[in-house]
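What follows is a short report on a single structure.
The values are calculated or read from the model by the stated rules, or taken from the named source; none is laboratory data. These numbers were taken from a predicted model, which means no experiment stands behind them. For neighbour counting, all protein chains shown are included, and Cβ atoms are generated from backbone atoms with ideal geometry for every residue, glycine included.
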Amino acid sequence: MEAIMSRPSQDTEAMALPNASQDTEDEDEGRSLVARPGDVTTDDDPQESTADEEEDEEEEDDDVDSDEDKVELSDSASMLRMMQSLPQTEARRHEQFRRSHFERGAVKRCMAQAIHEYSTTDKKAPGVTNVMAIVMAGMTKVFVGEITAEARRIMEKNGETGPIRPRHLREAHRKYYKRRPLARGRNMRRLLR
């Protein structure tokens, strides 16, 4: 952001103080290309103006890229600080969560089965694409993470330690859908019998 704010003053100085290298003449038309105060400029050649506009856009894109790089660096730095501040067990749990994933084939099979069960027509249901499976696997991972975190909170509240038991997961699941009643859908099967 600072680079963007400082650029206009540099550009203004460059326009106000033309030097000899800027006073080049167009060989075809024999006129000066540098605008001086009081000159009226026209875009006689649209190719020249579009080339200048493209260069300006490229410079702006470079500035945006550098800003995004700064944001990414600050995000990674804050992530590193967060990881260093976590207790060792929490850091290990977080690392396991980051590395875990659902197999795309299994997710595709589940999605295809659900689509087939709920399709109202006898026509062939649309297939499940890789992108759909990746998105669903990501959403599933977030859901499982939320249920697990809630089950851990329930355990801490009850003063229990050790592995998460099915009763903790059932209670976390019940609380999750109590907060989000529309997320359940039509089918209300019992979880973890």
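Residues Gly105, Gly138: which one is under 26 Å from His168 (Cα atoms) and modelled with pLDDT of 90 or more? Let's see the steps before the verdict.
Working: Gly105 fails: under 26 Å from His168 (Cα atoms).
Selected residue: Gly138, the only one of Gly105, Gly138 that is under 26 Å from His168 (Cα atoms) and modelled with pLDDT of 90 or more.
What number of residues in the range 95-120 are in contact with a helix residue (DSSP H, G or I) (Cβ under 7 Å, 6 or more places away or on another chain) and free of Cβ contacts under 8 Å to residues at least 40 places away in the same chain?
Residues in the range 95-120 being in contact with a helix residue (DSSP H, G or I) (Cβ under 7 Å, 6 or more places away or on another chain) and free of Cβ contacts under 8 Å to residues at least 40 places away in the same chain: 5 in total.
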